[in-house]
Amino acid sequence: MDEKVKEQINVEIMGLKFTKNFRSPTAEEWYIFLPSFNDPVTGGAAGKTIIHYNLYDTKHIFINTTIIFDDPALHKSNQHQLVYALADEIVNRLVGYADTLLSVHSGENSYNAEYKQ
């Protein structure tokens, strides 16, 4: 990985901030704030994360996590490594080590993944 990309990833992860927008018994919505990116319409959060908890019984929980990046700069293919690193960090901070299906919406950098314990 290029040193410039590593530095950009580090800057964005170090400056990553969250604000909880919504909470229900089975879901949460968090706004994602990044130092170098924002929503082009509002100038606010660069994206949002929606976490939906599927409670199967008292012992089994599976989580669906959706990350949507609104800044078009994060939709370009040259930002793939940054988007992947940010999504991984967001899952680690907000979901932790629970099993989760991840869906990232970021233009050309959109992808799906599964995190299992």
Phe62-Lys6 pseudo-label distance in nm [points 7 Å out on the Cα-to-Cβ vector]: 3.8
Rounded percent of accessible protein surface that carbon and sulfur make up, region 36-102, 1.4 Å probe: 53
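How long is the gain from Glu108 to Ala27 if the chain were fully straight, where each residue apart is worth 0.36 nm and the alpha carbon distance is subtracted?
Taking Glu108 through Ala27 to full extension adds about 26.5 nm, to one decimal.
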Normalised alpha carbon radius of gyration of the chain [divisor 2.2 N^0.38 Å]: 1.07
Total charge dipole magnitude, the chain, about the Cα centre, Cβ charges on Lys, Arg, Asp, Glu only, Debye to nearest 20: 280
Range in the chain, longest, excluding exposed trypsin sites (Lys or Arg not before Pro) [loop by DSSP; at most 11 other beta-carbon atoms within 10 Å]: 1-58
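On full extension of the chain, what length is gained from Phe18 through Ala98, given 0.36 nm per residue of separation minus the C-alpha to C-alpha distance?
Residue separation times 0.36 nm, minus the Cα-Cα distance, leaves 26.9 nm.
The values are calculated or read from the model by the stated rules, or taken from the named source; none is laboratory data. For clarity, every value in this text was computed on a predicted model and none was experimentally measured. Backbone-built Cβ (ideal geometry, glycine too); neighbour counts: all protein chains shown. Each accessible area value is taken on the protein alone, full model and side chains, heavy atoms only, with ligands, DNA and RNA left out. Shrake-Rupley method; radii C 1.70, N 1.55, O 1.52, S 1.80 Å.
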